[in-house]
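Notes follow once the structure below has been shown.
The values are calculated or read from the model by the stated rules, or taken from the named source; none is laboratory data. What you see is a predicted model, and the numbers here were worked out from it, not measured in a lab. Every residue, glycine among them, receives a Cβ derived from its backbone with ideal geometry; neighbour counts consider all protein chains shown.
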Amino acid sequence: MRGAVIYAPGDVRFEDRDDPTIVDPTDAVIRLTASCVCGSDLWDYRGIDSVTQPTPMGHEYVGVVEEVGDDVHTLEPGQFVVGSFFASDNTCPICQAGYQSSCVHREYVGAGGAQAEYLRVPLADGTLVATPDLPPDDLVPSLLAASDVLGTGWFGAVAAEVTPGTTVAVVGDGAVGLLGILAASQLGAERIIAMSRHTPRQKLALEFGATDIVTERGDDGVARVKDLTDGLGADSVIEAVGTQESMLQAIRCTRPGGHVGYVGVAHGVALPGEELFYSHVHLHGGPAPVRRFLPDLIDRIWNQRIDPGKVFDLDLPLAQVAEGYRAMDERRAVKTLLRP
Ligand SMILES: [Zn+2]
């Protein structure tokens with residue numbers, strides 16, 4: 001098969017790779033219908049996470065089951081499935097508590113490289129969720145979004161304890177931040193403040209349910225959010241970037257007793273203990289347990305209650321994956337969809 005491999009920062013190649021096979025009896029192999037480039041892939045692409053050897057890329061996927069191992073009981077070839085970036089058994093105590101991305105048997109599905117034609121998925125019964133039927137083409141982007149960015153934005157909103165009537169602020173206007181807005185809206189937030197300086201992203205934020213736009217960042221951004229919330233700060237803040245500046249902005253936008261849901265992969269974040277102590281802010285986040293939310297998200301997409309696929313603003317053949325990275329790196333695209 002063919003797939004994307006990163007060799008060095010800025011050097012993504014589309015090349016021949018070994019076809020994945022069933023390794024463990026709990027595996028499935030799927031034929032990918034679509035995959036995409038993640039904001040977190042850019043950490044490698046930009047050399048912020050160092051790439052030391054050629055590495056297959058991609059961890060967001062939807063596809064059709066091609067083959068299953070002898071120990072897979074809930075799936076069969078021909079079914080359309082959505083999975084997450086961590087494989088999970090969905091039965092251990094951690095999974096049962098809803099934290100499948102910390103499953104005691106978790107495996108990183110992305111190790112197989114989902115920007116490709118085929119993908120091996122470990123722990124298939126626990127990891128993959130089948131759709132009711134083969135989806136029409138126009139639902140594929142939204143189902144793909146559920147695989148990571150929607151599930152992650154959703155977890156951000158849940159971790160930030162968004163409930164009906166709350167005021168929410170969202171730090172970060174990438175795909176996860178934008179879908180955090182959609183999640184907050186679906187969860188009943190009354191007011192959603194999107195922090196964004198980019199016009200096309202502001203427009204999408206408003207389509208997804210944002211009620212206010214704040215263009216300032218850092219201390220000025222915090223001051224604007226305070227202005228909009230009677231000087232108190234937001235009840236719930238979703239942090240979807242992962243830098244020192246964005247984390248502090250999120251914490252400082254939150255009112256005492258409020259909650260931050262942080263889902264941007266942290267890079268070099270060091271929190272000041274004394275400030276945190278006096279803030280009275282709850283912090284919860286981490287790699288999203290997307291599997292927890294998949295059945296509900298698939299249902300909302302299937303019934304066309306949400307259209308998270310709108311975050312894809314560049315649709316390319318898989319062979320042009322390198323351009324997909326470049327476009328996101330240069331901020332010409334929010335998110336690139338790839339079709340084998
Ligand atoms: Zn588990």
field: Selected residue (criterion: farthest from Glu76 (Cα to Cα)) from residues of the stretch 116-132 that are in a strand (DSSP E or B) and within 16 Å of the ligand (Cβ to nearest atom)
entry: Val121
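Here's the yes/no breakdown for (1) in a loop (DSSP other than H, G, I, E, B); (2) under 28 Å from Val149 (Cβ atoms); (3) among the hydroxyl-bearing types (Ser, Thr, Tyr):
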| residue | (1), (2), (3) |
| --- | --- |
| Leu232 | yes, no, no |
| Ser236 | no, yes, yes |
| Gly242 | yes, yes, no |
| Glu245 | no, yes, no |
| Gln249 | no, yes, no |
| Arg252 | no, yes, no |
| Arg255 | no, yes, no |
| Val260 | no, yes, no |
| Leu271 | yes, yes, no |
statement: Scanning the stretch 99-115 for residues that are under 19 Å from Val149 (Cβ atoms), more than 8 Å from the ligand (Cβ to nearest atom) and of a type outside the set (Ser, Thr, Tyr) gives Val109, Gly110, Gly113, Ala114, Gln115
- prompt: Here is a list of conditions, (1) in the same structural domain as Asp133 (by TED's automatic domain parsing); (2) loosely packed, with under 15 Cβ neighbours inside 10 Å; (3) not charged (D, E, K, R); (4) not in a helix (DSSP H, G or I), and Ala333 meets all of them except one; can you say which number that is?
  reply: (2)
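Applying the selection to the stretch 303-326, what residues are aliphatic (A, V, I, L, M) and under 28 Å from Ala184 (Cα atoms)?
Step one: of the stretch 303-326, the residues aliphatic (A, V, I, L, M) are 306, 311, 314, 316, 318-319, 321-322.
Scanning the stretch 303-326 gives Ile306, Val311, Leu314.
Return the residue satisfying two criteria in turn: it lies in the stretch 74-98 and is touching a residue at least 12 places away in the same chain (Cβ under 8 Å), near the ligand (Cβ under 8 Å from one of its atoms) and among the polar types (S, T, N, Q), and of such residues it is nearest to Val62 (Cα to Cα).
Narrowing the stretch 74-98 to residues touching a residue at least 12 places away in the same chain (Cβ under 8 Å): 74-75, 77-92, 95, 98.
When the remaining residues are screened for being near the ligand (Cβ under 8 Å from one of its atoms), the result is 88-92, 95.
Retained after the next criterion (residues that are among the polar types (S, T, N, Q)): 88, 90-91.
On the way: Ser88: 17, Asn90: 19, Thr91: 22 Å.
The extreme case among them is Ser88.
Which fully enclosed strands (runs of 3 or more DSSP E) of the stretch 1-90 have 1 or more residues being in contact with an Asp or Glu (Cβ under 7 Å, 6 or more places away or on another chain) and at negative phi? Before the answer, list the steps.
Details: elements: 2-8, 11-16, 28-36, 61-68, 80-82.
Because the criterion is at least 1 residues that are in contact with an Asp or Glu (Cβ under 7 Å, 6 or more places away or on another chain) and at negative phi, the strands (runs of 3 or more DSSP E) in the stretch 1-90 that meet it are 2-8, 28-36, 61-68.
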